[in-house]
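Inspection log for the structure reproduced underneath, given as structure tokens.
The values are calculated or read from the model by the stated rules, or taken from the named source; none is laboratory data. Everything numeric in this text was worked out from a predicted model, so none of it was measured. As a convention, Cβ positions derive from the backbone with ideal geometry for all residues, glycine included, and neighbour counts pool all protein chains shown. Surface areas here come from the heavy atoms of the whole protein model, side chains and all, with no ligands, DNA or RNA. Shrake-Rupley method; radii C 1.70, N 1.55, O 1.52, S 1.80 Å.
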Amino acid sequence: MSIRLTIISGGKSDLIETEYGDTLLKILRDKAYSVYAPCGGRGICGKCTVNVKGKGKIRSCTFYPERDLEISLPETGKAVILTSQSLNLEEMPFEKKIKQPFTTKPFGVAVDIGTTTVVMYFLDMLNGKTVKTSSFLNPQKTFGADVITRIEYCQKNRDGLKELQTSLIKEINKYLDDFTEQMNCSQENIEIMAFAGNTTMLHILLGEDPVPIALAPFTPKFTDKQIRRAINTRLSINPDGSVITLPCVSAYVGSDIVAGLSALKDSHTNYLYVDIGTNGEIALVNKDRIFMCSTAAGPAFEGSNISCGMAAVSGAISAYPGFGRYEVIGNTEPSGICGSGILDIVAYLLVNNLIDETGLMKEPFIVYPENDIKIIQDDIREIQLAKSAIYSGIRVLMNLAGLTFNDVEALFLAGGFGNYIRTDSALLTGLLPGELKDRIYPVGNSAGFGVLQYLRSEHFGEKINRILRKTKYIELSGLDEFTTEFALNMDFRTG
Ligand code: FES
């Protein structure tokens, strides 16, 4: 039986026809509508709500339309590009990387595929200038907020991997087409694409099965650099061009970490590099070795397991200096709270004794009553788990390297969360070590910057290889020391 749905989204109205029997989330997904579904449609997170005329707000993943309906989708926030250039990142001198271009005006595209946000840098391969930067929310968000949920989707659905891959490639192609139109050139002119991302994102991009990443002993299909002919990738570039994914370290330390770490200036001997996203990846560098690990911090700092949480996109409360004052990304009306805002609020609650050292909360804390934005006890528990995982990961690596915090010259904070985070809140809550108070430096989108350098210079590839040779990956899940640290650091008293 077929039914007709009127979909109102972004000020436009479309009529779609579909067969009866699927969830509304699946129908919308199949018709390329973007609905945020952090739990991947398991009915747990409550964030996939849409408005059905005559019924009000419903969860799209548990609702099966049985007749013609009118459905309004919520506004989707815009991705924010981190453009600020950190003084701690090193721009490589440009060398012509394409020795024999196919066209007279060759372009390259460097892409950082984040679980939440994708950033594309368009590079003129004759002079090394970045011509354009684009950013968008990873369309895979409609299959789940974190890598595990997306892998599960691939595992449970016969065409799951294809669906996830197609959603991403379609969106990337849209931006490639926009670029060629704007530059008045053709897809033939784009001769090389290089990608950095976590190991799962790269598997999905290349259509490789990501399921082994989630199963012990967590052995991905590949971790080394992959080079494919563009014609085999469905990316809208010169079919004879190259598509390259930068090397990863392990199932949970991807090439985004490798690229970001390689992009740092060589100005310190002992330092930490921490990327807090849906996982918390940590690298501790000393003279001879680099220890790396990934902590299952959960996606709390991406706003996913938080009742009113959301990604760091327009509409998110990103800072909460206190007493009802807040900052919203995009200066719009608040629609939720992103990681940096949540951390600020937890710090505020601690300072004002509205939660105790163990995280116990007397009552929910109302942040923006008009839209029912609040922090509840479960949110505090999620933050405790996440911050303990990160802090404990740092401690374990420090012990392995035989370093004390006095030996560490700098802690570089990568990614969007690291950029928006207020150091005071990170220290107060015990997310980051108080001993490093004056040595914490946000480095913005260092992964994106790194993959861009890969297109600018042969030497960057050598830098990556040097880093990989020094790297020792530490699997935290099997370490008693991590378990002990994790339990010890749950309370708010490490900062
Ligand atoms: S409740 Fe529907 S996606 Fe989570």
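Below, the figures for the structure above:
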| read-out | value |
| --- | --- |
| Lone unmet requirement of (1) assigned to a helix (DSSP H, G or I); (2) touching a Phe, Trp or Tyr at 6+ places or on another chain (Cβ under 8 Å); (3) open to solvent by 10 Å² or more (accessible area, probe 1.4 Å) for residue 281 | (1) |
| Failed criterion for residue 35 (all others in (1) within 14 Å of the ligand (Cβ to nearest atom); (2) surrounded by fewer than 18 Cβ atoms within 10 Å (Cβ to Cβ) hold) | (2) |
| Criterion: of a type in the set (A, V, I, L, M, F, W, C), open to solvent by 30 Å² or more (accessible area, probe 1.4 Å) and touching a residue at least 12 places away in the same chain (Cβ under 8 Å) - qualifying residue of 231, 148 | 148 |
| Hey, residue 24 within 16 Å of the ligand (Cβ to nearest atom) and at pLDDT 90 or above or not | yes |
| Candidate set from the stretch 150-175 (those that are more than 21 Å from the chain's Cα centre (by Cα) and in a helix (DSSP H, G or I)); member that is nearest to residue 132 (Cα to Cα) | 155 |
| Members of the stretch 243-267 that are open to solvent by 10 Å² or more (accessible area, probe 1.4 Å), touching a strand residue (DSSP E or B) at 6+ places or on another chain (Cβ under 6 Å) and among the hydroxyl-bearing types (Ser, Thr, Tyr) | 250, 252 |
| Among (1) away from the ligand (no atom under 13 Å from the Cβ); (2) of a type in the set (Gly, Ala, Ser); (3) free of Cβ contacts under 8 Å to residues at least 40 places away in the same chain, the one test that residue 60 misses | (1) |
| Enumeration of residues in the stretch 190-228 that are open to solvent by 20 Å² or more (accessible area, probe 1.4 Å) and more than 26 Å from residue 474 (Cα to Cα) | 206, 207, 227, 228 |
| Criterion violated by residue 273 - all others in (1) outside any strand (DSSP E or B); (2) under 24 Å from residue 393 (Cα atoms) satisfied | (1) |
| Single residue of 5, 69, 15, 87 found to be at pLDDT 90 or above, open to solvent by 50 Å² or more (accessible area, probe 1.4 Å), away from the ligand (no atom under 16 Å from the Cβ) and among the hydrophobic types (A, V, I, L, M, F, W, C) | 15 |
| Residue 94 vs. criteria closer than 19 Å to residue 457 by Cα, surrounded by fewer than 21 Cβ atoms within 10 Å (Cβ to Cβ) and in contact with a helix residue (DSSP H, G or I) (Cβ under 6 Å, 6 or more places away or on another chain) | yes |
